[in-house]
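Working notes, structure below.
The values are calculated or read from the model by the stated rules, or taken from the named source; none is laboratory data. The model shown is predicted, which means the values in this text are computed figures rather than measured ones. Positions of Cβ are backbone-derived with ideal geometry, glycine not excepted, and every protein chain shown enters the neighbour counts. Accessible surface areas use protein heavy atoms only, side chains included; no ligands, DNA or RNA. Shrake-Rupley method; radii C 1.70, N 1.55, O 1.52, S 1.80 Å.
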Amino acid sequence: MPENSSKPSRRQVLTAGAAAGAATVIANRSARASVVRSTRSSSTDGTPEQVHLTWGENPSESVVVSWASPQRSVNPRVHIGQRRIEATERRYTDGLNGETVWTYHARVGDLRPGATYAYEVTADNDKNYPAPFGATFTTPAEGRRKYRFTSFGDLATPNTQWVLSYGQSAYAVAAVESFQPMFHLLNGDLCYANLNPLDQPEVWRDFGNNNQTSAANRPWMPVPGNHEIEFCNGPQGLTSYLTRYTLPDNRLAGFGGHWYSFRVGSVLFIALDADDVVYQDAAAFVAGPTALTPAAATGNAPVQPGTSFYVRGYSGGEQTRWLERTLKAARRDESIDWIVAQMHQCAASSSSTGNGSDLGIRQEWLPLFDRYQVDLVLNGHDHDYERSFPVRGFDEKAGTSIASGATVNTMRPIPVTTTDSGVFDTSKGTVHLILGCGGTSAPLDEYGVDSADGKQQARIFTHANRPALTSTPDVYARPGNDAVEDAIWSARRDTATGYGIAVFDVDPGSPGEQTSITVTQYHAAGADPVNPTSGAKGAPNPDYTEFETFTLVRPRSDSRYR
Ligand SMILES: [Fe+2]
């Protein structure tokens, strides 16, 4: 696979935009050509790359165009129609290798709902002049409308020089484009830069250039995972992530971009940082025996063996209080039917080779999801696909300590049905989907089974697994999960592959009736590098075929008032 995917041609992106069937507003190239030419100067390389979109505060009216450049850009800007929009510069210096990263962000507002726009990204020192990078995007129509979104997490990059990168990540980006969603949800562990600690900016660069093939055409909305937490890059290690993305404002000083919400049609999307609540310690870690030594220019001290970056509780409860306010307001709003929560780590995963479930999410957020009828929770973290039955409430005595065999309270979610009918009313219970099936080199599509009775089993973190010294001097390890439970909530697991993409088709239905979201999981069978059961070697596979489809339904919120 190439290290970086080449950007789509202008012809390709315009064709893709036209397929959306909405009104098209083409950038007027000739009207501003003289402006570009007259201001072009500088010997540094300000060529835009890693171009990606995110929604603004109101997706029907605003997007943010973000990008990076190898060196500082001069007069970085977006051209859209007759408008020239100056970009804001944000830069950071990586705390481990000392590289300065230049990023740019242009807020594009006053857009028409349901319209397709062409835009170009450039700077005075853009080496692609006079043909700067261009793409198109489409804004959502207002009100209750049919539309499609897609999701996966754990993408990595196609450059196999990096830890956990694999060629499937290029096919995964192409898969998003093949489904032409309104936008894509990227559920954390974007590129595993923190597993390549002295090359973090280069890993991010490969990630950004791979994603550009899709993320320049439609917003990709991310959440942070444990692998966005990097040593020496800010109080929670999120400086790289936060510098590269401009996300909807949560109006909480000090936590901008950490978590947020946005609304498209009758669906409220809530993006959460589960690093704040999980027990599991799985962020940046120096196992030893040698220290991690930052470049001298950074002035940062070596990170000693046994050090891990553990941020549980960092918001002091701010995130959960924000979540409850947001959920409460949403359920009082008769124009919002659906609530979809997106986070990286899992409350309901039964992967046996991955991370499993985390009691921290169950304690902190599942009671709120119950109280406010959150319909759907989308995760990553475990590199597989798993679907739960709708769940509500919990069992206190269903867990067993792995160490002692004693009963422990894992707050096991209670399924409201165990009949896999294919149609689920999520006003009765929340469906959890594990979608860590992006493109890493480490698929984790093996699932727990209780050897004593053959029942499905999940492993749970109920305590922090802080690093402990091993029998090898100066080498540390983090223990695994500490409890098990019968996974009575698990409805479907994909044992064929760890790669796939979920496609969601929202249908608002009619007043007084039900609304629905039809979910189809497409998977890339045979893409696992090594089949965990047979040992057969696979290879990256561009063919995403249907694994399963099911439908979520709930009463429309405006029905309550009829
Ligand atoms: Fe993860």
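For the stretch 300-344, the list of GluC sites (Glu not before Pro) that fall in a loop by DSSP and count at most 14 other C-beta atoms within 10 angstrom reads E334.
Evaluated over the Cα positions of the chain, the convex hull gives a direction-averaged projected area, one quarter of its surface, of 25.5 nm². Of the residues A296, F309, L327, the one whose Cα sits farthest toward the positive end of the charge dipole of the stretch 226-334, with +1 on the Cβ of Lys and Arg and -1 on the Cβ of Asp and Glu, is L327.
Pairwise Cα separations in the stretch 164-323 fall into 5 Å bins from 0 onward with the following percentages, short to long: 2, 8, 16, 19, 19, 15, 12, 6, 2, 1, 0.
For the stretch 380-521, the dipole from Cβ point charges (+1 on Lys and Arg, -1 on Asp and Glu) about the Cα centre works out to 320 debye, to the nearest 20. Compactness of the stretch 53-173, taken as the C-alpha radius of gyration over 2.2 N^0.38 Å, stands at 1.24.
Ranked by the mean number of other Cβ atoms within 10 Å per residue, highest first, peptides 522-535, 375-388, 497-510 order as 375-388, 497-510, 522-535. Name the shape class, rounded, prolate or oblate, that the alpha-carbon gyration tensor gives for the stretch 514-562, where a ≥ b ≥ c are the square roots of its eigenvalues, rounded holds for a/c under 1.5, and otherwise prolate holds if a/b is larger than b/c and oblate otherwise. It comes out prolate by the Cα gyration axes. For the stretch 471-562, GluC sites (Glu not before Pro) are listed when DSSP marks them as loop and at most 12 other Cβ atoms sit within 10 Å of their Cβ; the list is E513.
Any idea how far the Cα center of the stretch 496-555 sits from the one of the stretch 360-415, in Å? Between the Cα centres of the stretch 496-555 and the stretch 360-415 lies a distance of 22 Å.
Taking Cβ atoms as reference points and 14 Å as the exclusive limit, the residues near Q71 contribute a net charge of -2, counting Lys and Arg as +1 and Asp and Glu as -1. Surface composition of the chain: carbon and sulfur atoms hold 49% of the protein heavy-atom accessible area at a 1.4 Å probe.
Basic side chains Lys and Arg get +1 at the Cβ, acidic Asp and Glu get -1 at the Cβ, and with that the dipole of the chain about its Cα centre reaches some 1840 debye.
Over the Cα atoms of the stretch 180-241, the radius of gyration divided by the Kirkwood radius equals 1.00; this is the Rg/Rh ratio. When the chain is described by a simple charge dipole with +1 on each Lys and Arg Cβ and -1 on each Asp and Glu Cβ, the residue from I402, V416, V51 located farthest towards its positive end is V51. Accessible area per residue for the chain, computed on protein heavy atoms with a 1.4 Å probe, is 36 Å². Extent along the principal axes, Cα only, for the stretch 281-412: 57, 41, 28 Å, with the longest axis given first.
Note on the stretch 203-267: Rg/Rh from Cα positions, Kirkwood definition for Rh, rounded to two decimals, is 0.99.
Considering lysine pairs in the chain that are 8 or more places apart or on different chains, how many have Cα atoms under 28 Å apart?
Value for the chain: 7.
Tell me whether the stretch 403-562 comes out rounded, prolate or oblate; compute the Cα gyration tensor, take square roots of the eigenvalues as a ≥ b ≥ c, and use a/c under 1.5 as the rounded threshold. Oblate is the answer for the stretch 403-562, as a/c is 1.5 or above yet b/c matches or exceeds a/b. For the peptides 159-167, 434-442, 110-118, the ranking by packing is 434-442, 159-167, 110-118, with the highest mean count of neighbouring Cβ atoms within 10 Å listed first. Here the dipole of the stretch 511-562 is about 320 debye; that uses its Cα centre as origin and unit charges on the Cβ of Lys and Arg (positive) and Asp and Glu (negative).
Computed over Cα pairs, the Kirkwood radius of the stretch 108-257 leads via Stokes-Einstein (0.890 mPa s, 25 °C) to a diffusion coefficient of 145 µm² per second.
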